[in-house]
Amino acid sequence: MTDRPEASLVRRPGRTLSAEDGLTPLLASYHLRTEAEKGEAVAEVDALPDRYRAEIADPATAFADDMVLLALSGSAAVGCVVVTAPDAGRSEIKRLWTDPVFRGRGVATTLLDAALEQAAESGAHTVRLSVWRWRTGAIALYGRLGFTVTESWDEREQLVCMERAV
């Protein structure tokens with residue numbers, strides 16, 4: 001018997017998101033943690049850059065054309081990832097986040113497997129992502145799932161860009 005609760009997965013077209021989905025607190029945690037890791041710690045969502053506050057305040061608009069995958073433990077959202085609609089045969093994975101309490105339980109791998117499946121079903125032939133250089137655990141996970149480092153498409157320093165075929 002395990003004390004680890006199972007997580008189920010749900011897909012939500014971005015435009016259908018609502019406050020009840022539980023995405024907002026996950027996005028807030030993701031962005032607050034990222035800013036802290038960049039050395040720009042802020043205590044509250046209101047102090048985040050405008051583009052991040054907009055995602056948190058209205059994910060249905062921010063991700064209107066995308067698919068949002070949520071990992072649930074019971075009715076509580078414990079992880080998320082966003083898969084963009086294909087553009088020229090390429091989708092992007094963004095905002096992968098697992099509640100720290102649920103890390104080490106395969107939630108991120110489950111989300112990524114589903115994201116790759118979603119991209120393939122949407123007609124993408126390639127999936128790409130960017131990850132901060134210091135997130136070595138995430139980079140290792142992406143590598144295990146077949147992603148390889150590629151030339152950067154993003155001008156921000158410290159980002160590692162990766163891609164793989166689906």
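For region 64-102, filtered to residues that are part of a loop (DSSP other than H, G, I, E, B) and among the polar types (S, T, N, Q), the residue that is modelled with the highest pLDDT is THR84. Candidates ARG105, ARG164: the one that is more than 18 Å from HIS31 (Cβ to Cβ) and assigned to a loop (DSSP other than H, G, I, E, B) is ARG105. A Cβ distance below 7 Å, combined with a sequence gap of six or more or placement on separate chains, defines the contacts here; from region 30-52, residues that are in contact (Cβ under 8 Å) with a residue 24 or more places away in the chain reach residues that are of a type outside the set (Asp, Glu) and part of a loop (DSSP other than H, G, I, E, B) in the pairs HIS31/LEU48; GLU37/TRP134. Residue count for region 55-71 under the criterion of being among the charged types (D, E, K, R), within 17 Å of HIS31 (Cα to Cα) and under 15 Å from the mean Cα position of the chain (by Cα): the result is 1. Counting the residues of region 111-160 that are assigned to a strand (DSSP E or B) and of a type in the set (A, V, I, L, M) gives 6.
Of the listed requirements (1) under 17 Å from GLU163 (Cβ atoms); (2) in contact with a strand residue (DSSP E or B) (Cβ under 8 Å, 6 or more places away or on another chain); (3) surrounded by fewer than 17 Cβ atoms within 10 Å (Cβ to Cβ), ALA120 misses just one: (2). Within region 4-63, if we keep just the residues that are charged (D, E, K, R) and not in a helix (DSSP H, G or I), the residue that is nearest to ALA114 (Cα to Cα) turns out to be ARG11.
The values are calculated or read from the model by the stated rules, or taken from the named source; none is laboratory data. Predicted model, so just to flag it, every value in this text is computed and none were measured. Using ideal geometry, Cβ is built from the backbone for each residue, glycine included, and neighbour counts are taken over all protein chains shown.
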